[in-house]
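The values are calculated or read from the model by the stated rules, or taken from the named source; none is laboratory data. The structure displayed is predicted, hence computed values, not measured ones. Cβ: placed from backbone, ideal geometry, glycine included. Neighbour counts: every protein chain shown. Side chains are part of the model used for accessible areas, which takes the heavy atoms of the whole protein and leaves out ligands, DNA and RNA. Shrake-Rupley method; radii C 1.70, N 1.55, O 1.52, S 1.80 Å.
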Amino acid sequence: MLAKASQTATTTIKDQPYFQSVLTTKQSIMTAPDGDGNITIATPMEQDGQIVAVIKATFNVQSLQAIFANTPTYALTEQGQIFLGQGTGQAVAAQFPALASAGEASTTPIAIPDGNGQILGYVLNQSLQKYGRNWGILVGTPKETLTQNGGSQTAALGLGTAALALLGGLGATSLVGKGGGSTSKRGSSSVNRFLRDARLTAEKIKEGQLANVDLSITGNEEVDILNYNLNEIAVHLQELRTEQQQAQQQNQLYTEVTGATAQSIEELQPILNRVVETLRQELKADRLVIYRFNPDWSGKIISESVISGFTRALDREINDACISQEILDQYRNGRVVPTRNVFETGYHPKHMALLEGLEVKANLVVPILRNKDLFGILVAHHCQDFHDWQQWEIEKMQQYAFQLSLPISRVDYMEKQEQVFSEAQLLADIVGTEARTYKDLQPVFDQVTSVVRTKLKADRVVLYRIYPDRSGKIVAENVLPGFPKALNDEIKDPCISPELIRLYKNNRIVPTTDVYGANYHPDHVALLTRLEIKSNLVVPVVRGEDLFGLLIAHYCREQHEWQQTEIDLMKKFAFQLSIPTSRVSYVQEQAFSARRASLLAALTTKEAKTNKDLTEIFNLAVQGARDLLDVDRVVIYSFREDWSGYIESESVLPGFPQALNREINDACIPQELIEAYLKDRIVPTPDVYNAGFHPDHLKING
């Protein structure tokens, strides 16, 4: 129907809303389908900037129904009413309550689960907005179908989008066909040909043949525009498919990451490598690394993806002066650090040297947590140029960091459980050791020093036994190759005073980061220097109310800040060692008491009727005493009336000089000493050469 705006229109036309709307807006309009499914399109014709006529075309939407055949696709009005597809005329909310209203759609497809095993895809059709219509397309796809064929949802959306674009084309073509009697047949032929070709195009889109879509229809401006729009839709769908394939690959990687059954970080390594490679490509970064923290907050790059031509950082050990305790706490709370230009940050010189060595110009740092603790950081580098980090890049890094945290936390839990089990087993073995002498405990001492050194990542761990005279001996040692060994070293440490022994008995613990700044005795410093010690941790092994010795950890390569967890570990093993050592001490004391009682009983019950009988008693006494005391020689020295004397009985180990029957006139025994001996004076001497004895007496000892 053609009406000239300059003439008086008939009452029927003039009063129609579409006619008034075109005159007012000077824009083309498309009406909503009426009760019979008819849609009216009207467009102004202008001459010299004035509307000279309004062209109107009417067609029925059922001509498009074939495009929607056998597909769960629906065309919706702005009010959410279905006008194409099953359930025409019904409100979409009645069939799909999960979709609140058609107005919620946008030009970007959204997906909503409806709770009945389907995913509802919904998108606005931009090609109709020029007609003032925000009509949308709704596609319902079973979840299993979406999983099996990642492109089906996108293709279905594309089919509906093409169908709505077809509405505009039909209207435009109809208008062309209504443009005059001379062109009516040609216009009708154009419509038929267009319908046929557009339907084939839609089928191609439905089947995913996006690369083969090229709807070439020419003849007037409106049809050319439709041709362009449909081809643009195909290109856009190809882009959507590519994006969806990438999303599928990402989701698949997420699934592999979160479902990993690795028992250790080493077993998780292949997945870590895939993540850094995939993420680097998605961000178009030059390098992407996973940096793992050690217990002392130094660290190591355990996974890396870097483009060719730039320095590799994999396995590099890093002690970064820039990572303070404050920054570590912030990382634990999710701190993210995007840096456009690392040279404008004021970083510590050592940190800048590290970045320059890796040719870093811009970086993005995101923490990886492990059961609420800090495992490490995920770091992206741009090395060729500075880079303004976008929000989507930050969110992408955070998503991957979160996904990585799941298997890492699982591995951490399993490793801790294994450690707890192994540690508990070891501690049970220590406590349950059936040893009667300290020599029997040697395997336990060796195992403890080995386990503790490994757990602390220390360079040396020793067990130092302290004797009653405060001298000592290293009875067990585990040390890394390349450092001096101290096993069996006899040590007379001037640092160990009676007061210090008392403090150790009360469980004094001494963690020292810098042994050379601790103001130790020069002799003790000389000992530390000889063993190349820079930091040490000393924990006492208390045996009942006595001190057995010290469990000591050494760092020799560098100074070490001792953590409370490390101190607690040493305390635990020191306490466990105290149990078998106390048991051995008790067994030995009981055995000693029994042997002494047996010896005394033998000595007191034996009758001495002759000198020979007395000699036998003396010999029994020195032999028994030497065995009890575990010493090299025991003698009985007999005085004569003039206080000279001789060795009357002796028990001595093979290899030492014998003193039996030796005549001795000891100038060291004055009258006052004799009187003291008569009063049961006892003289224990740890070092006879430093006791101030008379020179003649020293000759006897020599």
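Between region 595-645 and region 283-342, the alpha-carbon centres lie 76 Å apart.
Around Leu678, with a cut-off of 15 angstrom between Cβ atoms, what is the net charge of the other residues, counting Lys and Arg +1 and Asp and Glu -1? In short, -2. Estimated at the nearest 10 Å², the accessible area of Lys56 is 50 Å² with a 1.4 Å probe. Computed with a 1.4 Å probe over protein heavy atoms only, the accessible area of Tyr413 comes to about 130 Å².
Ignoring ligands, DNA and RNA, how do Glu558, Glu317 rank by accessible area with a 1.4 Å probe, largest first?
On the way: Glu558 90, Glu317 120 Å².
Order by accessible area, largest first: Glu317, Glu558.
Rolling a 1.4 Å probe across all protein chains gives His387 an accessible area of roughly 40 Å².
Net charge in the neighbourhood of Gly89 (other residues with Cβ under 13 Å of its Cβ; Lys, Arg +1, Asp, Glu -1) is -2. Shown for region 628-702: the carbon plus sulfur share of the solvent-accessible area, taken with all protein chains present and a 1.4 angstrom probe, equals 52%.
The residues neighbouring Gly624, those whose beta-carbon lies less than 9 Å from its own, together hold a net charge of +2 under the Lys/Arg +1, Asp/Glu -1 convention.
Which order do Met414, Met352 take by accessible area at a 1.4 Å probe, largest first? Don't skip to the end; give the middle numbers.
Details: Met414 60, Met352 30 Å².
Result, largest first: Met414, Met352.
Per-residue accessible area (protein heavy atoms, 1.4 Å probe) orders Lys505, Lys609 as Lys609, Lys505, starting from the largest.
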